[in-house]
């Protein structure tokens, strides 16, 4: 999870969310010059800070908040960012505002739905996203054509994007057919931007819906759209075990 993608909120609100004091008391502390960010005193209560910043009061660093590991069933039409310059709704509108800072682990584009992880454990997020330990991701994709074995072979053999970038699926199977469309299950072991949409576009196939239904051993399950919940201890352990099983 790169620093620039971390959720940023004001310094006074940070102290409040960390449980150190009320927001009004935080304003007073900051105005009095008693609060520092990464060792530098700040008198701006609205100064934006993020997950990795080290915040101190009277020379003492605040303890790190408890680690949070959350799964969200991202709805279609919301963007995976803390702030959108176009004013579009973000995934944070789906979350409890009383949560400590958490940031998305990777992204789903605006038109895509399904399983999204969020955490304040930046090291764990980096391991999830590391190409050397990248977990397989499973998607259910509705396309505006009738799929056949030839299409499956093309997707697993690989295509090239409009810029010549090679794109391939690890595994593809047909889930079901409609009269004019099909549902595919696609497994990816790469993390390229909008990979499935670009791969199918290269073959002249329109994507109607795209849902991520699993990350490694973690399924989306029955979590309702727009809802979130913490990972269970067992789910977190299974993800960690899958990461350890990947060669470095």
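Below, the figures for the structure above:
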item	result
Dimensions in Å of region 3-61 - Rg and Dmax from alpha carbons	10.3, 30
Per residue convex hull volume, Cα atoms of region 137-215, in Å³	79 Å³
Sites residue 149 and residue 189, calculated FRET efficiency, Cβ-Cβ separation with R0 22 Å, nearest 0.05	0.55
Segments 159-172, 197-210, 68-81 sorted - mean Cβ within 10 Å per residue, highest first	68-81, 197-210, 159-172
Sum of -39500 (n - 2.57) over DSSP H runs of 4+, divided by residues of the chain (222 nm, nearest 500)	-6000 deg cm²/dmol
Nearest 10 degrees, 0 to 90: helix 233-245 Cα axis against the chain principal axis	70 degrees
Percent of Cα pairs exceeding the 25 Å cut-off, where the set is region 73-200	34 percent
Potential lengthening between residue 44 and residue 161 on full extension [0.36 nm per residue; Cα-Cα distance subtracted]	37.5 nm
Point-to-point label distance, residue 54-residue 13, nm (Cα→Cβ direction, 7 Å offset)	2.5 nm
Cα-based convex hull volume of the chain per residue, rounded to whole Å³	151 Å³
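Each reported figure results from applying straightforward, stated rules to the coordinates on display, with no laboratory input. All of these numbers come straight from a predicted model, not from anything done at the bench. A quick note on method: Cβ atoms are made from the backbone with ideal geometry, for glycine too, and the neighbour counts reach across all protein chains shown.
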